[in-house]
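Some notes on the structure that comes next.
Nothing in this text is a laboratory measurement; each read-out follows from the coordinates by a stated rule. All values derive from a computational prediction rather than experimental measurement. Glycine gets a Cβ as well: all are built from the backbone with ideal geometry, and neighbour counts include every protein chain shown.
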Amino acid sequence: MTMENLWGDSLYPFLAAYSPPQWATAIAGVFVVVSLSLSTHLLFQHLSAYKNPEEQKFLVGVILMVPCYAIESYVSLAKPSFSVDCGILRDCYESFAMYCFGRYLVACLGGEERTIEFMKREGGSSSSAPLLPQASEKGVIKHPFPMKYFLKPWRLGEWFYLVIKFGIIQYMIIKTVCAISSVFLEAFGVYCEGEFKWNCGYPYMAVVLNFSQTWALYCLVQFYTATKDELAHIKPLAKFLVFKSIVFLTWWQGVAIALLDTLGLFKSPIAQGLQFKTSVQDFIICIEHRWVLPLSFTSMYSLPSLTS
């Protein structure tokens, strides 16, 4: 019997009886321990030097994404029958982490009111000297190809801030709704995670989430473009890149794995040993860059606001 024929009434008994290879759980377990150790150490550093709660409380929420991802992925790898439930928990916390990251950047700018005041001040400037070639002018954010054909340039101000804020919040809402919807679809056997079939819910959710994530990512990039000089004291580039890679690339990685498997192109020894597409994704998540997030947020301890 092939893996495709297992989707149906016999899937859950097969999942319950399936055990991943010992080498996979051992390797993943080592990396999970490393991730938990680094994130726990960083959390204790923040809590022991909790001198700027307006910034640090949101950072704690972001850092907790590391143990959430690590534990969820390992449990899902060891027990594939829990993969959907673990994925829902991860998606819901991922939405919360996105909110925390946005709020952290705003807190570093002095809060929401000061951020709006800063953008109004920048947007009111009449200088036309470009800040970035073909990207922005003083007080104006120009859109790159192909977005420039659909959107007019954005002038910094309260409206710009609200657009960015909504761009992040819409992803949080859609991500949570899709996660909850997958529970009901899975209960009726029509979710079919990783299956690109017209009578399954997975491909439709993948399309919706891809559009939502792409817009949220675009809004984050534009926010970085507008505030990178003002946020230079926290070295924002590394934090942007690491957070975006964890939140967005992880999802696209899972979609790519499912698509390659559907096309019959995913036949590596690891994939054959793990059998399930979700197990391959969980194994990769356990061993990839989960340890980068704690390391990227250690540089903040050089800030006077957190050390004095």
The base-10 log of I(q)/I(0) that the Debye equation returns for the stretch 160-231 at q = 0.12, 0.13, 0.16 Å⁻¹, one scatterer per C-alpha, is -0.42, -0.48, -0.63
Distance in nm between Leu47 and Thr262 label points, each 7 Å along Cα→Cβ, equals 4.3
Average projection area in nm² (convex hull over Cα atoms of the stretch 105-257, one quarter of hull surface):
10.6
Can you tell me the order of 229-235, 37-43 when each peptide is scored by its average per-residue count of other Cβ atoms within 10 angstrom, highest first?
37-43, 229-235
Ranked packing of 25-36, 214-225, most packed first, by mean Cβ within 10 Å
214-225, 25-36
Which listed pairs, of Lys79/Lys175; Lys165/Lys235; Lys57/Lys79; Lys165/Lys239; Lys152/Lys197, have C-alpha distances above 27 Å, in listed order:
Lys57/Lys79; Lys152/Lys197
For a protection proxy built on the mean count of beta-carbon atoms within 10 angstrom, sort 177-183, 71-77 highest first, please.
71-77, 177-183
Using modelled backbone amide H atoms (1.01 Å from N, in-plane), which distant-in-sequence or interchain residues come within less than 5 Å of Ile141's amide H?
Trp154, Arg155, Leu156
Each residue of the stretch 43-49 in order: what ³J(HN,Hα) in whole Hz does its phi give by Karplus 6.51 cos²θ - 1.76 cosθ + 1.60, θ = phi - 60°, with x for Gly and Pro?
4, 5, 4, 5, 5, 7, 10
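Can you give the FRET efficiency to the nearest 0.05 for Lys235 and Ile27, using r as the Cβ-Cβ distance and R₀ = 22 Å?
Given R0 = 22 Å and the Cβ-Cβ separation, E is 0.10.
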Quick one: Karplus J couplings for the stretch 182-196, per residue in order, coefficients 6.51, -1.76, 1.60, θ = phi - 60°, nearest Hz, x for Gly and Pro?
5, 5, 5, 5, 5, 5, 9, x, 10, 7, 6, 4, x, 9, 9
Express in whole angstrom the spacing between the alpha-carbon centres of the stretch 57-117 and the stretch 210-224.
16
